[in-house]
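Report on the following structure.
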Amino acid sequence: MRWDNLAENTAKAGNGALFAADAVTTRTFDTPEFRGITFHEIRARSIVNRVPGASRMPFEWTVNPYRGCSHACVYCFARKTHSYLDLDTGLGFDSQIVVKTNAAELLSRHLASRQWQGQHIAMGTNVDCYQRAEGRYRLMPGILAALRDHANPFSVLTKGTLILRDLDLLRQAAEVTEVGVSVSVGFTDQELWRTVEPGTPSPQRRLDAVRALADNGIGCGVLMAPVIPFLGDHPDQLRATVRAVAAAGATSVTPLVLHLRPGAREWFMQWLARHHPHLVPRYERMYADGAYAPTWYQRGITRRVHELAAEYGIGPADRGGVRRVPRETPEPLTEGPTQLSLL
């Protein structure tokens, strides 16, 4: 692993997640949930990262306490980031997890800086901050406490039900600043889930988390991502997913069609060739021009999902803002927080 070179690479990318080679401790744990996973504990030099100006992300600042993700989603666009460490973007991304053990300390110091203007911070937009490792390292409670103590607006996007552990902190933060919470559920097809997202909680468990958040006064939207062409985009599948999202009490639903950036593209296409070889030519044509499906296809999926959402009584997300949770009222909100659309 080229830890020493990471500082140069991330500086060029504008990420700022810098650390030194002598700050790395590598561990493995012989427990069922962590078997086969190696953790690289590091003391990062910075934790608040600026999103490059050319990015399509609807936010400017992020915090990512982990690199790599045991959720092992075959399509994950963040796989390329592992190549910065000379780590494999396939199995290595799933099983070699970098843990920024001083994330909360760094964030608190950053938020207290006179240069910081209190901008919105997005979390879970690169790798999931509530992946399995969080159960052991417990980085998020300190991060949420720092954001609460500095009344700094933030949002969280996750596939992890572990977010429910931090309900009290989320509510406390929502009393003093704007908090957005989104759960990612691209489909409810059980067979598809088991093969394409093998390390994640099931779609139903994620929707149960949406309901639990709503029951505790935290409005939660659903990022319907990814909608996978030819595997998860049948009208009946879209309807079943939106119906389940509505039944869970989500404040909004925002669809996102699968995109295949370098690093993720190669791994996904290998998976596709093993599980659905007949679809390989169709994918090669659909993604011939780059990482994104054709605009006409994306618009068609978005239109259909929004029609279904209206039918079931939920609306598309407002990309312009987040919603503060009321101090007194435990009922779910009628309008939702910002959805973290990756388009």
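The values are calculated or read from the model by the stated rules, or taken from the named source; none is laboratory data. Note that the coordinates shown come from a computational prediction; the quantities given were computed from them, not determined experimentally. Cβ: placed from backbone, ideal geometry, glycine included. Neighbour counts: every protein chain shown. Heads up: the accessible areas ignore ligands, DNA and RNA and are worked out on the full protein's heavy atoms, side chains in. Shrake-Rupley method; radii C 1.70, N 1.55, O 1.52, S 1.80 Å.
For the reader, a short list of remarks on this structure follows.
- A103 being within 17 Å of T200 (Cβ to Cβ), at pLDDT 90 or above, crowded, with 20+ Cβ neighbours inside 10 Å and small (G, A, S): no
- Residue pairs whose Cβ atoms lie under 7 Å apart, separated by 6 or more positions or on different chains, with the first residue in region 263-279 and more than 12 Å from V196 (Cα to Cα) and the second part of a helix (DSSP H, G or I) and modelled with pLDDT of 95 or more, are A273/V280; L279/L272.
- Matching helices (runs of 4 or more DSSP H) fully within region 34-152 where at least 3 residues are more than 30 Å from R265 (Cβ to Cβ) and not aromatic (F, W, Y): 103-112, 140-149
- Test: residue in region 108-121 that is open to solvent by less than 20 Å² (accessible area, probe 1.4 Å) and within 17 Å of the chain's Cα centre (by Cα): yes
- In region 194-215, of all residues being among the hydroxyl-bearing types (S, T, Y) and in contact (Cβ under 8 Å) with a residue 40 or more places away in the chain, the one that is least open to solvent (accessible area, probe 1.4 Å) corresponds to T200.
- The residue of region 167-182 that is most open to solvent (accessible area, probe 1.4 Å), among those that are in contact (Cβ under 8 Å) with a residue 40 or more places away in the chain and among the aliphatic types (A, V, I, L, M), is L167.
- Qualifying residues in region 1-50 (those that are among the basic types (K, R) and modelled with pLDDT under 80) - the one farthest from A122 (Cα to Cα): R2
- Yes/no for A244 being open to solvent by less than 40 Å² (accessible area, probe 1.4 Å), under 19 Å from the mean Cα position of the chain (by Cα) and modelled with pLDDT of 95 or more: no
- Some residue of region 151-159 being at pLDDT below 95, within 26 Å of A291 (Cβ to Cβ) and of a type in the set (S, T, N, Q): no
- Considering region 24-48, the residues that are closer than 14 Å to Y137 by Cβ and out of contact with any strand residue (DSSP E or B) (no Cβ under 8 Å at 6 or more places or on another chain) include one that is least open to solvent (accessible area, probe 1.4 Å), namely T31.
- The residues of region 172-211 that are over 13 Å from T241 (Cα atoms), in a loop (DSSP other than H, G, I, E, B) and charged (D, E, K, R), listed by number, are E175, E178, E197.
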